[in-house]
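The values are calculated or read from the model by the stated rules, or taken from the named source; none is laboratory data. Here the structure is a predicted model, which means the values were calculated and not measured. Here the Cβ positions follow ideal geometry from the backbone for every residue, glycine too, while neighbour counts run over all protein chains shown.
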Amino acid sequence: MNERDSIEVSTEQRGDALIVTPTGDIDLHRSPAFRARLKDFASSKPKRLVVDLSRVPYMDSSGVATLVEAMQIARRQSTELVLCGLQDKVRSIFEIARLDMVFKIVPDADTASKA
Amino acid sequence: MAIQRGRPGAGTDDERHAPVKAREIREDDAQAMNDAPNDAPVILTIRSDARYLCLARALVGAFARQAGFDERCAGQVALAIDEALCNVMRHGYEGKSDQPIWMRLATIEEQDRTVGMRIVIEDEARQVEPAKIRSRDLADIRPGGLGVHIIREIMDDVLYEPRADRGMRLTLTRRLPSEGGRDLPVRNLESS
């Protein structure tokens with residue numbers, strides 16, 4: 001994987017919550033990098049892992065698959081996975097895939113870190 | 001440089017990384033594109049490399065807006081096309097990033113007005129029996145397998161068919177909501 005295939009992800013520890021904020025589209029091209037980063041973050045076994053998608057304008061099913069996998073890893077290790085900050089196009093794929101009952105989705109990182 | 005049909009990996013390194021090319025349509029390509037719609041005003045040739053998906057999405061989104069779809073519907077159509085291209089790249093070409101994919105965009109005109117759009121995607125990947133192209137059960141929550149569901153959910157008509165010589169053809173149509181097309185509801189996803 002070269003630098004162009006990578007994805008910028010910032011992190012912030014807020015209480016028990018590790019907030020990870022990726023930036024940019026998450027599609028088939030970039031989801032492998034996002035998957036690798038998320039697995040790294042999950043491996044630290046935070047009590048709550050918050051994925052703030054407020055800087056992700058677009059996501060396709062490969063990005064959703066990455067989040068489903070992260071949720072499965074989180075459940076196995078008793079980490080709570082929370083999504084927040086979904087923009088319209090990202091919200092749309094969760095609606096279409098009917099995953100709203102599967103993920104915990106809240107409006108923003110403040111809410112997520114206290115949820 | 002044109003994509004070399006039947007010669008995967010052919011060409012210089014620079015050539016292999018040329019992403020999108022408004023290429024001269026040769027006789028055999030014209031035959032491959034014969035069925036519908038012949039009068040497509042926009043034709044895109046793209047390599048099966050995921051780094052160029054963003055270009056295809058931008059093109060489809062802009063075309064949909066120009067056809068009269070609002071921002072939300074145009075974004076959904078672009079998502080469906082993204083998923084269709086991803087399926088060709090991942091499953092059809094099994095991850096090979098130097099194979100050709102053709103996409104044609106056209107509006108659907110009825111009684112002198114635009115009522116929707118049609119997208120035809122063709123490839124030279126392995127052929128699959130159309131009946132076997134299905135989504136996974138949505139209740140079976142696991143990574144992957146959502147692409148076909150998303151395409152069928154967004155588009156009004158979805159037709160997979162083998163091309164005459166090799167590869168597959170996918171024809172997708174979406175009518176404007178005001179012309180009987182689907183208008184997917186927006187739901188509140190937030191838990192609390």
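Some points to look at:
- Residues satisfying the stated conditions in the range A:94-115, i.e. within 14 Å of the chain's Cα centre (by Cα), over 17 Å from A:K47 (Cβ atoms), crowded, with 20+ Cβ neighbours inside 10 Å and facing chain B (nearest Cβ under 7 Å): A:F94, A:I105
- Total residues in the range B:118-144, condition crowded, with 17+ Cβ neighbours inside 10 Å and within 27 Å of A:S31 (Cβ to Cβ): 9
- For the range A:35-53, a residue qualifies if it is among the basic types (K, R) and within 14 Å of chain B (Cβ to nearest Cβ), and the qualifying residues are A:R35, A:K39, A:R48.
- Selected residue (only one of A:V68, A:V82, A:V64, A:V56 is within 17 Å of B:G75 (Cβ to Cβ) and within 11 Å of chain B (Cβ to nearest Cβ)): A:V64
- Taken as a whole, the range B:52-68 holds no residue that is more than 13 Å from the chain's Cα centre (by Cα), outside any helix (DSSP H, G or I), without any contact (Cβ under 8 Å) to a residue 60 or more places away in the chain and surrounded by fewer than 20 Cβ atoms within 10 Å (Cβ to Cβ).
- Tally, over the range B:37-55, of residues that are facing chain A (nearest Cβ under 10 Å) and either out of contact with any Cys (no Cβ under 8 Å at 6 or more places or on another chain) or over 17 Å from A:S31 (Cα atoms) (or both): 4
- Residue among A:V9, A:V20, A:V106, A:V56 that is β-branched (V, I, T) and under 22 Å from B:I151 (Cβ atoms): A:V56
- Inter-residue pairs, beta-carbon under 8 Å, first at pLDDT below 85 and in the range A:81-101, second assigned to a loop (DSSP other than H, G, I, E, B), 6+ apart: A:D100/B:R187; A:D100/B:L189
- Taken together, the residues in the range B:107-162 that are part of a strand (DSSP E or B), over 19 Å from B:L176 (Cβ atoms) and of a type in the set (D, E, K, R) amount to 3.
- Scanning the range B:88-106 for residues that are part of a loop (DSSP other than H, G, I, E, B) and in contact (Cβ under 8 Å) with a residue 60 or more places away in the chain, we see that the one that is surrounded by the most Cβ atoms within 10 Å (Cβ to Cβ) is B:Q99.
- Residue identified as within 25 Å of B:Y52 (Cβ to Cβ), out of contact with any Gly (no Cβ under 9 Å at 6 or more places or on another chain) and touching a residue at least 12 places away in the same chain (Cβ under 8 Å) among A:A70, A:A33, A:A74: A:A33
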